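The values are calculated or read from the model by the stated rules, or taken from the named source; none is laboratory data. Since the model is a prediction, treat every value here as computed from it, not as a measurement. All Cβ positions, even for glycine, are placed from backbone atoms using ideal geometry, and neighbour counts span all protein chains on display. Areas reflect the complete protein model, heavy atoms only, side chains present, ligands, DNA and RNA absent. Shrake-Rupley method; radii C 1.70, N 1.55, O 1.52, S 1.80 Å.
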Amino acid sequence: MKSLFLRIFLSFWLAVAIFLVAAILLTLALRPRSSTWEALRTTVLNDAVGAYEEGGEAQLKHYMEDLEATQHVRAFLFDERGQEVSHRPAPDWAIRVAQGGPRMPRDGFIIPAPPMQRDSRASSDGNHRYTLVMGLPPGPRLFIGPRGMPLPALVILVISSGIVCYFLSWVLTKPIVRLRAATQQLAAGNLTARTGAPVTGRRDEVAGLMRDFDAMAERLELLVKAQSRLLNDISHELRSPLARLNVALGLARQRGGVESADMLDRIELEASRLNELIGRILTLARLEDGEQGVPQTPVPLGELVANVAEDAEFEAQERHCHVHTVIPEGDWGVRGNDSLLHSAVENVVRNAIRYTQEGTSVEITLASEERGGGREAVLRVCDSGPGVPADALGKMFEPFYRLDDARGRLTGGVGLGLAITERAVRFHGGKVAAFNRATGGLMVEIRLPLIAMRTLDVGPRTLDLETRKPVSKT
């Protein structure tokens, strides 16, 4: 069983059932045998008749009272007319049993009947017939049927134990369910996820684990935000000396000669790469910082993909490659930020062009699928490159991750493009994943929820990057 709740519930209920069965078996083992009671019944009947015939009512009464005091057995002797011979007050159940009837209507079904013995014999002269009704000591009785525990009581006991075990299992597993939900939210990138552990009241190990998880999540949130702010601040500080470097580079070109042109071109190239790197770090920091919001408007995804493919075609021609795009007609509207979505798609397409083999094509297809009660756009970008090792498919979207440092330096990549794509898509309520193609190469799949642009208000809104919900403006 995969459910901890069912394990605890069934374990408790099984333990209660085993206890009941063990109690019944123990009681059966300790219960006096029926032959013992039958022998006692015969002895009491003979002694009672003998006491009455020898000493009359007084001696019979004394015998019966002594029997009840010493053996805890209530015995009554009736004659053929149904009269108690010692003239002691006989209970109704004894009178009914003496007459051959039950102790009371539906005896033993709702109210359990005590063990009883009934026997009769003739007097010594044969002129009278006496009937003995003997109520045995109650003792522990856990037997089903007219001589023990009634069946409804046993059913009620089992159901009641099941309810108690169910409630106990629910109390034990509810905090674990909340902890699991908070863990899944934290793993999905929601740093505000908390278990809501009780501050007071509950002090057991599970509550302590929930409080420790909340403390850990709060610490992680502070660290990630501090890291994001640090990247943001450093990137902004680097922009100023980079701008001064570009000015100095321009002055150097004016004063330098032809012999220094190659060196200045190299400096300009590296400065341009550094400027691009700073821009990507700023974008990544902006996406990681959940406190910031970005404008959110309806975006025609089909048109956006077509524009990215058209721009990528020029870059692909340098490697004698082509970009083949298939965008069916239809409503491809998504709600989000045009700049972020453009960057997300462009990073994937440029990455495919960078690593596909020369003379091949990069295929871009856009389709729609029904999932979870709504429609979503599915953008697939396929190349004919060497592919990616299976254990690295999930790491491709981590910041600064590169499969090969030498190849990264050769192509100018620093491992931020796909990381920006993953965060931009996730903050728009979508998902991105990479797969190795069976025919060779890599396929990157982006899924985004679709909207009906014809019926949607096209007014701009602000999207909170952490909750992915619109932020109302006052």
- Accessible surface of D311 in the full protein assembly, 1.4 angstrom probe, to the nearest 10 Å²? 90 Å²
- Message: Net charge around R194, counting only other residues with Cβ within less than 9 Å of its Cβ (Lys, Arg = +1; Asp, Glu = -1)?
- Response: -2
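Net charge within 13 Å of V381 by Cβ-Cβ distance, Lys/Arg positive one each and Asp/Glu negative one each, not counting V381 itself?
My count for the surroundings of V381 gives +1.
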- Note on the structure: The correct ranking of T283, T192, T356 by accessible area at 1.4 Å, largest first, is T192, T283, T356
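Kindly sort V73, V432 by accessible area of their heavy atoms, largest first, with the probe set to 1.4 Å.
V432, V73
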- Query: So how do T70, T42 rank on accessible area, 1.4 Å probe, biggest first, that is with the largest at the start?
  - Reply: T70, T42
- Message: Using protein chains only and a probe of 1.4 angstrom, how many square angstrom of K431 are accessible, to the nearest 10?
- Response: 150 Å²
- Note on the structure: With x for Gly and Pro, the residue-by-residue ³J(HN,Hα) of segment 365-371, computed from phi through the Karplus equation 6.51 cos²θ - 1.76 cosθ + 1.60 at θ = phi - 60° and given in whole Hz, is 10, 10, 9, 10, 9, 8, 7
- Task: Just add up the charged neighbours of E84: K/R +1, D/E -1, any other residue whose Cβ is under 11 Å from the Cβ of E84.
- Result: +1
- Alpha carbon Rg of segment 175-268, scaled by the compact-globule rule 2.2 N^0.38 Å: 2.11
- So how much accessible area does I163 have, in Å² to the nearest 10, using a 1.4 Å probe? 110 Å²
- Message: Can you give me the C-alpha center-to-center distance between segment 299-326 and segment 211-235, rounded to a whole angstrom?
- Response: 38 Å
